Structures are given as C-alpha cells and as structure tokens.
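Some notes on the structure that comes next.
The values are calculated or read from the model by the stated rules, or taken from the named source; none is laboratory data. In this text, all values refer to a predicted model and were calculated from it rather than measured experimentally. Neighbour counts run over all protein chains shown; Cβ positions are idealised from the backbone, glycine included. Surface accessibility is based on the protein's heavy atoms, side chains included, excluding ligands, DNA and RNA. Shrake-Rupley method; radii C 1.70, N 1.55, O 1.52, S 1.80 Å.
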Amino acid sequence: MAEVIPALPVADLLVPGFVDLQVNGGGGVQFNDAPDAAGLARIVEAHRAGGTTCLLATLITDTPEITEAAIAAMAEALAAGQEGLAGLHLEGPHLDPRRKGTHAPELIRPMETADLDRILAAAPVCGHLLVTLAPESATAGQIAALVAGGVQVSLGHSDCTAEEAQAAFAAGASMVTHLFNAMSQLGHRAPGLVGAALEAGPVHAGLIADGYHVSDLAMQVALRAKAGPGRIFLVSDAMAATGSDLTEIQLNGRTIHRAGGRLTLADGTLAGADITMLDALRHCHRQLGLPLDEALRMAGLYPAEAAGLAGKGHLQPGAAADFLLLDAELQLESLWVSGTERWVA
C-alpha cells in the first residue's frame with residue numbers, strides 16, 4: 001500500500017514570525033494581575049492569532065512584590081520550556097511622573113540600590129531582560145551597571161532633554177520605548193527624547209502603529225528621519241483585551257475602557273493599545289504606504305535585532321523556523337513555532 005503523504009499547507013505568503021517586545025497582556029489576562037506561568041501561557045496563546053511567535057511579557061509599573069512575582073513567573077515559565085517567550089520587559093516603575101501615561105503615579109519612584117540589585121539578580125533567569133526607565137529616575141552609573149549585568153535599557157516615560165538622553169545612551173541605553181508617546185517631543189530648540197532617538201544611530205525605537213498613538217504623518221516623518229543602523233520597529237503594547245471580547249479591564253485598581261479600537265482611562269488617557277502585530281503591519285503597509293517587505297521587517301527582523309534575539313525574525317539558514325502563512329489580504333492562515341504548527345485559522 002502506498003504511503004499517504006499529508007497535504008502541505010498552501011498560502012500566498014510565507015513570512016517570518018513576528019517579534020513583539022511590548023506585550024502587557026492578552027486573552028483576558030493582564031500580566032500585572034496574573035504574574036504566574038499560567039498567565040504567561042495564556043498571553044502567548046492569545047497573541048498567536050495576531051502573528052506573534054516570540055514576545056517579551058511586559059510588566060507595567062507596580063509594587064516591588066508584584067515585580068518579584070513577575071520575575072519568578074518568567075523564570076518558571078522559561079525553565080519549563082514555554083514556547084514563544086523570549087523574556088521579560090519591566091516598564092517602570094523608575095519613570096518620570098510628568099510623563100506617566102497610564103502608569104499609576106503613586107507607584108513611580110527613582111531607582112534605589114534594592115531595585116538595581118533585584119533587576120541584576122533577575123537577568124540570568126529571565127531570558128532577555130529589558131527595562132524601560134527615565135534618565136531622571138536612574139543615574140548614568142545605574143544604567144551602566146544594568147547593561148554590564150546583561151540587562152537592556154530603554155528610555156521611556158521621560159521628560160528629559162536631548163542632552164540627558166544622549167548621556168543615557170552613552171551610559172549604555174540602546175532603545176527607546178514607544179517613540180513619541182509619553183516623552184519630550186521634538187522642538188526646534190529643544191529636540192527632546194524624540195529628537196535624540198532619531199539622531200542616535202545605534203539606538204532602536206519601538207512604535208505603536210495603530211493610528212491613535214501617533215499620527216500617520218508623524219510616523220512617516222520619523223521613518224524617513226531615523227539614523228541607522230538602529231531601526232524603528234513595531235510593538236503592539238497590547239493589554240488584556242487583545243484576543244478577548246472584554247469591554248473593560250483593570251490596571252492598578254483603575255478601569256480601562258475599550259471602545260472604537262482604543263483603550264482609555266476615564267479621563268481619556270490612552271492605556272495601551274488594542275491591536276496585534278498583524279494589525280500594526282497592515283497599518284504600516286496600507287495607511288503609511290510602506291512596501292510590504294519593509295513592514296514585515298519592522299514586525300520581525302528589526303525587533304529581533306534590537307533585542308539581540310538571534311535566529312528570530314528571519315528565515316535564513318539556522319533560524320528558529322518560526323513563520324506564518326498569510327493570504328493575499330494579509331489574513332493569517334497558520335502560525336508555526338520551531339517548525340511545528342501552533343495556530344490555524
């Protein structure tokens with residue numbers, strides 16, 4: 001009897017899996033509220049439907065106790081071999097309250113020795129460890145110590161001057177968190193963090209491309225202006241609502257409302273984003289007019305390069321075999337991780 005060979009999947013496009021360096025939640029789970037291995041697994045699963053094969057679970061500003069729980073959860077999940085997790089992103093609490101965004105102001109504070117020690121101790125067990133901080137809340141020495149300890153430092157939620165940002169880059173900061181949002185803007189005499197990020201060649205910058213966080217015109221200007229080799233890459237900044245039918249979620253005891261493609265606090269402040277990486281890709285290609293291959297690099301290769309995640313975001317020999325099958329309308333047909341199908345339409 002002849003051997004039955006299973007039919008191979010068919011699609012219009014085979015592309016590298018997406019790499020998302022800023023994922024606060026998904027599938028009804030907010031990492032701050034479920035800092036455990038089970039919560040991480042649900043978040044990873046929720047984002048597969050949006051093309052993400054690799055992510056950094058992101059903890060928004062919280063108490064030292066929740067931070068320690070998140071670190072322990074990440075260590076447990078990675079030790080158990082959880083697919084799709086590259087590591088941990090601690091966004092805060094060492095930020096500037098003047099640029100707090102949706103972060104709880106009462107939890108924002110300068111970095112102290114105990115905080116530095118906690119982060120450095122987490123680096124060996126948390127995969128890729130990314131920390132977003134404001135240079136107003138951490139010294140150049142602390143930034144240098146983090147980088148020397150294997151932690152990647154990103155500047156964000158900051159009202160710093162361009163000169164202060166440049167000093168932080170010189171100390172080792174290599175990334176900027178959600179460019180334009182919650183930071184000092186580009187002025188003709190005061191270039192701010194935005195100007196410093198665009199001018200600093202080695203520095204990479206994340207971007208929320210949902211049409212709400214940053215105007216299309218501003219994104220187009222920034223993409224043309226960014227000095228290399230650092231790149232602007234896409235992030236979802238997704239919250240628990242992604243991959244669920246929730247109309248409200250909670251963060252630090254405050255209600256976040258979901259309506260019209262936006263997540264907002266009661267006062268209208270944007271509170272994360274209601275998109276997947278596939279949504280961001282489509283926005284860049286269709287609304288910004290980027291060639292599809294460049295939009296794909298912004299969703300896969302560039303974030304992988306920004307975080308030093310070898311083997312991710314591309315399909316060259318030796319890569320991790322994380323890939324997507326898309327149809328001609330950029331709808332996801334199936335998702336594969338390490339050569340195994342993990343999601344299908």
Say the dipole of the chain comes from +1 at the beta carbon of Lys and Arg and -1 at that of Asp and Glu; which of 185, 338, 321 then lies farthest toward its positive end? 185
For a Förster distance of 56 Å, can you work out the FRET efficiency between the beta-carbons of residue 340 and residue 190, rounded to the nearest 0.05? 0.65
5 angstrom amide H check on residue 203, placed H, neighbours 5+ away: 230
In the range 115-217, carbon and sulfur make up what percent of the accessible area (probe 1.4 Å)? 60 percent
The range 88-122: GluC sites (Glu not before Pro) falling in loop per DSSP and having at most 16 other Cβ within 10 Å: 112
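Accessible area per residue, 1.4 Å probe, Å², for the chain: what's the number? Could you put the intermediate results ahead of the total?
Details: 13640 Å² over 345 residues.
Ligands and nucleic acids excluded, the result is 40 Å² per residue.
Report in % the part of the accessible area of the range 246-345 that belongs to carbon and sulfur, leaving out ligands and nucleic acids; probe 1.4 Å. Walk me through the numbers on the way to the answer.
Details: 2210 of 4430 Å².
Whole-percent figure for carbon plus sulfur exposure: 50.
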Could you tell me the accessible area of residue 56 in Å² (1.4 Å probe, neighbours in place), rounded to the nearest ten? 0 Å²
Can you give the FRET efficiency to the nearest 0.05 for residue 147 and residue 310, using r as the Cβ-Cβ distance and R₀ = 22 Å? 0.75
J(HN,Hα) series, the range 322-332, from Karplus relation 6.51 cos²θ - 1.76 cosθ + 1.60, nearest Hz, glycine and proline x: 9, 8, 10, 10, 10, 8, 5, 8, 6, 9, 6
Can you run phi through the Karplus equation (6.51, -1.76, 1.60; θ = phi - 60°) for the range 339-345 and list ³J(HN,Hα) in whole Hz, with x for Gly and Pro? x, 10, 5, 10, 7, 9, 5
Förster radius 22 Å - calculated FRET efficiency between residue 245 and residue 331 (Cβ-Cβ, nearest 0.05): 0.65
What is the set of long-range amide H partners of residue 333 at a cut-off below 5 Å, with H atoms built 1.01 Å from backbone N? 325, 326, 327
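Find the relative contact order for the range 277-316 and round it to a whole percent, using C-alpha pairs within less than 8 Å whose residues are 6+ positions apart.
30 percent
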Rolling a 1.4 angstrom probe over the protein chains, ignoring ligands and nucleic acids, what is the accessible area of residue 111 in square angstrom, nearest 10? 20 Å²
Name the long-range amide H neighbours of residue 186: under 5 Å, sequence gap of 5 or more, or other chain; modelled H, no Pro or chain starts. 194, 195
